[in-house]
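Asks: The structure follows.
The values are calculated or read from the model by the stated rules, or taken from the named source; none is laboratory data. Here the structure is a predicted model, which is why all the values come from computation and not from measurement. Cβ sites come from the backbone with ideal geometry, for glycine too, and all protein chains shown count toward neighbours.
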Number of protein chains: 2
Amino acid sequence: MPLPSSTVENYLKTIYKAQAAQRDHGRLVPMGHLAQALNVVPGTATTMVKALAESGLVHYEPYAGVRLTPAGEKLAALVLRRHRLIELFLVKVLGMSWAEVHDEAERLEHAASDKLIDRIDNMLGRPATDPHGDPIPDSSGSMVVRDYQTLLTCPLGTPVVLTRVTDQDAAFLRFLEGNSLKPGQKLRIEARDDAADQVVVRGKRDAKITIGMRAAAKLQVAPAEPEG
Amino acid sequence: MPLPSSTVENYLKTIYKAQAAQRDHGRLVPMGHLAQALNVVPGTATTMVKALAESGLVHYEPYAGVRLTPAGEKLAALVLRRHRLIELFLVKVLGMSWAEVHDEAERLEHAASDKLIDRIDNMLGRPATDPHGDPIPDSSGSMVVRDYQTLLTCPLGTPVVLTRVTDQDAAFLRFLEGNSLKPGQKLRIEARDDAADQVVVRGKRDAKITIGMRAAAKLQVAPAEPEG
DNA sequence: GCCCGGGTTTTGAGTGGTCAAAAAACAAAG
DNA sequence: CTTTGTTTTTTGACCACTCAAAACCCGGGC
Ligand SMILES: [Mn+2]
Ligand SMILES: [Mn+2]
Ligand SMILES: [Mn+2]
Ligand SMILES: [Mn+2]
């Protein structure tokens, strides 16, 4: 059992995230989705997945799709852990923008040793989430998955706090940053208009921000704690 | 011109270091040395070097050896820059031991972007040398190479300062650390005995340290500045 | 000049990862 | 059912990198 190549790690991570994205826990991830997410041609994904199945990391059902085995799931979670701790480290310690850390972490996640990752984890105070609000698995590979509302589904008027952004696109993140829409920010939904494809929110210093519904769906929120 | 793979980067870096190690600037590095340093079989090195020559990174002379072209030299220097800045960063910012940072940097050097490296360089105050005293090339790929004496060649009795350690072996580095033999340390050679394979030095708090001559040759020193 | 030995190159093969294009399977609709 | 369109798999090929082993070159020694 040689250490998994970065290709293998990327496949596992992608399956993991696809699995998490579909509500139904035990469903199979279709080959097409996997290929597209990994930017390879479908035949490549098929070949690779068969190899992963051979080494016991995934369960593969021809013409149906793929799902991680417990072994694969643990490995994937550890890659995700490395990725997210590195992102947070780059932001907190090196002062990089949350818009650019994703690409950097995409490569570093395969090169950083567990020893280094633990050191980073420690220095950051064992954080629970990364700069985008994504949960960070612990060193055993388990993590707390909370089920948030989005700016599309949460109640109007009541104060909420932005907890997670589910899109790593740099331009999108820069836009959000420019409007102070980062995790931790308190918000209140003013209005939603399906026909106009608009969601209007009040943010920092009561500034009014209008975004489209596809963007709104990428912003997850929790009920704001009534504090001090 | 796709970015060089980490394999290519390792070949270039190894040729660079071999070239630097032989006094004669323009001599060719023999294939055997290269293969051994890279832990590959000689035939592999030959094949690879021919490919490097094809892309203009090295000059290759069959049965004679290989030398970097200006393009190859610049690329190699930048890999070295990444490696050494990462090492220093791991020691200074993350508190890792100078004995373990080499292996970590060996992988990270291929994954870190120039943007990240510049940030690290900045945070460290544009340092001139890494934790082992190796010079750090600037972002254009040039660096100051100074010619030091070693504990084997320097004059007896006169105070010197340890400037560089030319062996990355973790056990050796731990031994040195245990005896406070790190760059910056002031020393004075007490005695040298060829027959007994011994070099005796006075170090921190006048502690007496005796090391073998092969080890002594790996410790480079400069005349100590007489400072207040 | 010839041979010998150490270093070097060639050859043939294998692994991991990928694509293009043809073939096969499936789902959905008539 | 049968047809149609989409998804998936198969096939054949290729590239980067590697090794084992055979063939080769070349600088001494005789
Ligand atoms: Mn990755
Ligand atoms: Mn993230
Ligand atoms: Mn390396
Ligand atoms: Mn070093």
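Asks: Residues of the stretch B:136-159 being at pLDDT 95 or above and in contact with a strand residue (DSSP E or B) (Cβ under 8 Å, 6 or more places away or on another chain), which ones?
Replies: Across the stretch B:136-159, the qualifying residue is only B:Ile136.
Asks: If you check A:Gly133, A:Gly125, which single one turns out to be surrounded by fewer than 18 Cβ atoms within 10 Å (Cβ to Cβ), at pLDDT 95 or above and over 23 Å from B:Asp121 (Cβ atoms)?
Replies: On the way: A:Gly133 fails: surrounded by fewer than 18 Cβ atoms within 10 Å (Cβ to Cβ).
Every option except A:Gly125 fails the conditions.
Asks: Output the number of residues of the stretch A:104-136 satisfying the condition of being outside any loop (DSSP other than H, G, I, E, B), more than 8 Å from chain B (Cβ to nearest Cβ), away from DNA strand C (no atom under 16 Å from the Cβ) and charged (D, E, K, R).
Replies: As a first pass, look at the stretch A:104-136 and keep what is outside any loop (DSSP other than H, G, I, E, B): A:104-108, A:114-123, A:129, A:135.
Narrowing the set further to residues that are more than 8 Å from chain B (Cβ to nearest Cβ) leaves A:105-106, A:114, A:117-118, A:121-122, A:129, A:135.
Keeping just the survivors that are away from DNA strand C (no atom under 16 Å from the Cβ) gives A:105, A:114, A:117-118, A:121-122, A:129, A:135.
Those still in the list that are charged (D, E, K, R) too: A:114, A:118, A:121.
Residues flagged as outside any loop (DSSP other than H, G, I, E, B), more than 8 Å from chain B (Cβ to nearest Cβ), away from DNA strand C (no atom under 16 Å from the Cβ) and charged (D, E, K, R) within the stretch A:104-136 amount to 3.
Asks: From the set of residues in the stretch B:22-52 that are at pLDDT below 95 and in contact with a strand residue (DSSP E or B) (Cβ under 9 Å, 6 or more places away or on another chain), which is surrounded by the fewest Cβ atoms within 10 Å (Cβ to Cβ)?
Replies: The residue in question is B:Gly26.
Asks: Tell me the helices (runs of 4 or more DSSP H) entirely within the stretch A:1-99 that contain at least 1 residues that are more than 16 Å from DNA strand D (Cβ to nearest atom), of a type in the set (A, V, I, L, M, F, W, C) and touching a Phe, Trp or Tyr at 6+ places or on another chain (Cβ under 7 Å). Spell out the reasoning first.
Replies: Details: elements: A:6-21, A:31-38, A:42-54, A:70-92.
Result: A:70-92.
Asks: Under the condition of being at the interface with chain B (Cβ under 9 Å from one of its Cβ atoms) and surrounded by 18 or more Cβ atoms within 10 Å (Cβ to Cβ), which residue from the stretch A:90-99 is nearest to the chain's Cα centre (by Cα)? So that I can check it myself, show each step before the final result.
Replies: Kept after step one, since they are at the interface with chain B (Cβ under 9 Å from one of its Cβ atoms), are these residues of the stretch A:90-99: A:90, A:93-96.
Pick out the ones that are also surrounded by 18 or more Cβ atoms within 10 Å (Cβ to Cβ) and you get A:90, A:96.
On the way: A:Leu90: 16, A:Met96: 18 Å.
Among residues in the stretch A:90-99 that are at the interface with chain B (Cβ under 9 Å from one of its Cβ atoms) and surrounded by 18 or more Cβ atoms within 10 Å (Cβ to Cβ), the one nearest to the chain's Cα centre (by Cα) is A:Leu90.
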